[in-house]
1. Only one of 198, 232 is farther than 30 Å from residue 304 by Cα, in contact with a strand residue (DSSP E or B) (Cβ under 6 Å, 6 or more places away or on another chain) and free of Cβ contacts under 8 Å to residues at least 60 places away in the same chain. Can you tell me which?
2. Right, residue 312: in contact (Cβ under 8 Å) with a residue 12 or more places away in the chain and closer than 26 Å to residue 129 by Cα or not?
3. What are the residues in region 213-227 that are part of a helix (DSSP H, G or I) and either in contact (Cβ under 8 Å) with a residue 12 or more places away in the chain or within 29 Å of the chain's Cα centre (by Cα) (or both), if any?
4. Looking at residue 97, is it modelled with pLDDT of 95 or more, crowded, with 16+ Cβ neighbours inside 10 Å and in the same structural domain as residue 166 (by TED's automatic domain parsing)?
5. State whether the residues of region 342-362 include one that is more than 30 Å from residue 145 (Cα to Cα), surrounded by 10 or more Cβ atoms within 10 Å (Cβ to Cβ), modelled with pLDDT of 75 or more and touching a strand residue (DSSP E or B) at 6+ places or on another chain (Cβ under 9 Å).
6. When you go through 53, 105 one by one, which is the residue that is modelled with pLDDT under 90 and within 36 Å of the chain's Cα centre (by Cα)?
7. Does residue 172 satisfy the condition of being closer than 30 Å to residue 303 by Cα, outside any helix (DSSP H, G or I) and touching a residue at least 12 places away in the same chain (Cβ under 8 Å)?
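The values are calculated or read from the model by the stated rules, or taken from the named source; none is laboratory data. Worth saying up front: this structure is predicted, and the values here are computed from it rather than measured. Cβ sites come from the backbone with ideal geometry, for glycine too, and all protein chains shown count toward neighbours.
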C-alpha cells in the first residue's frame with residue numbers, strides 16, 4: 001500500500017503507477033532485485049490497497065531507516081548500549097534518532113570524566129543501497145552519503161538540517177565537545193527573551209523552538225496542514241500539499257517573509273563547541289575481520305560503515321556573560337564624585353575669598369591705626385605758648401636764651 005500511494009512521489013513509479021523505466025535500467029545489472037521490484041510494482045497481484053489517509057508519523061516511521069538495522073555497535077562509557085537508548089524524532093530530513101533525550105522513563109546519562117572512551121561510541125551502517133534514486137535536481141536534492149549529527153541540550157528541539165555536522169562513511173570521526181553557557185541582558189539593555197516564557201508547542205523557549213513554532217503556524221495558516229516534523233494537532237500534509245503548498249511556502253518564508261519569524265536570543269543559552277578529527281576505516285588488518293563479522297564486502301564496509309565517537313574534552317564549561325556598559329550604581333557614584341569635587345572646590349573657593357577679604361580689611365585697619373598713633377606722638381613733642389595778654393603797650397616780654405658751650409648747637413625754642 002505504501003508503494004502504491006507514495007511510489008510516484010518517491011520517484012519510483014510513474015503517475016499511472018507503473019515502474020519508472022529508468023529504475024528498471026538501473027537495476028538491469030541486478031536481475032534478482034529487478035525481478036523483485038517488477039513483482040512488487042505489479043499491483044494486479046495484490047488485493048486492493050487500503051484507503052489512503054495521507055502522510056502520517058506511522059508512514060514516515062516505516063519509510064525511514066530502522067535503527068535496529070543501522071546500529072552495528074554501541075557503547076557509552078565503555079558499557080554496551082542499544083536501540084532502546086535512542087528515541088525516534090522527526091525532522092525536516094525525516095526520521096532521526098536522539099540519544100540521551102531525557103524523556104519520561106529514560107533517565108539522563110552522565111559522565112564522570114572527559115576524553116575518548118568516556119562518551120558515546122557507535123558504529124553505523126548508512127545503508128546506501130536504500131537511498132532513493134535521483135531523477136533530477138530540486139531544492140531538496142542531496143548528493144552526499146553519510147549522517148548528520150547535532151549536539152544540543154535536552155530542552156532544545158533538534159534542528160539538524162541547519163545546525164548539524166556531517167559524518168562520512170569509511171571514517172572514524174572523533175568529536176571533542178565543550179559546554180558553553182552564554183548569558184545575555186534583557187531589555188532595555190539587550191534584546192534577549194527569558195527561556196521561561198514558553199511557546200505554543202514548546203515549554204522552554206529557544207531559537208530553534210521558536211523557528212519550528214513559527215514555521216508550523218505559517219504552514220498551517222497558508223496550507224491548512226502541517227509537515228510531519230511539525231508539532232500540533234493539525235492534519236498532516238498530503239504529498240500533493242507538500243509539493244504544491246508546504247515546500248514553496250517554507251521557501252517563501254525563508255527568502256521574502258523574514259519579518260514573520262523574528263526569534264530573539266534566549267537570555268540563558270547553552271551550546272556545545274566541537275572539534276572534529278577523522279581516521280580512515282577499515283585498516284588493512286581489520287578489513288578481513290569486519291568482512292567476516294558483518295558478512296559484508298570490504299567495498300561495502302568502506303562505502304557504508306562509519307564510527308562516531310563523541311566525548312567531552314574536559315568536565316568544565318566556559319561562561320560568556322553580557323554586562324551593562326554603564327550601571328545605575330556607577331552613574332550615581334560618578335555623579336556623587338563629581339558633585340563632591342565641585343562642591344568641595346566651590347567651598348574652598350568661597351573660604352579663600354573670605355580669607356582674602358579678611359586679610360585685606362585687617363591690613364587697612366592696621367594702616368589706619370598706625371597713622372593715628374604717629375599723629376598722637378607728634379602732638380606730645382611740640383610746646384604751645386599761649387599769647388600773653390598785652391596789658392600795656394609799654395610793657396615788654398623778654399625771653400632769655402641761655403648760652404651753650406662753645407661750638408655747641410643752638411636750640412631755638414619757638415613760641
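1. Going through 198, 232 in turn, the sole match is 232.
2. It is false that residue 312 is in contact (Cβ under 8 Å) with a residue 12 or more places away in the chain and closer than 26 Å to residue 129 by Cα.
3. 213, 214, 215, 216, 217, 218, 219, 220, 222, 223
4. yes
5. Looking for residues that are more than 30 Å from residue 145 (Cα to Cα), surrounded by 10 or more Cβ atoms within 10 Å (Cβ to Cβ), modelled with pLDDT of 75 or more and touching a strand residue (DSSP E or B) at 6+ places or on another chain (Cβ under 9 Å), one finds none in region 342-362, hence no.
6. 105
7. Yes, satisfied.
Every residue, every condition in (1) in the same structural domain as residue 319 (by TED's automatic domain parsing); (2) modelled with pLDDT of 90 or more; (3) closer than 26 Å to residue 148 by Cβ, yes or no:
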{"residue": "227", "(1), (2), (3)": "no, yes, yes"}
{"residue": "232", "(1), (2), (3)": "no, yes, yes"}
{"residue": "242", "(1), (2), (3)": "no, no, yes"}
{"residue": "251", "(1), (2), (3)": "no, no, yes"}
{"residue": "259", "(1), (2), (3)": "no, no, no"}
{"residue": "262", "(1), (2), (3)": "no, no, no"}
{"residue": "274", "(1), (2), (3)": "yes, yes, yes"}
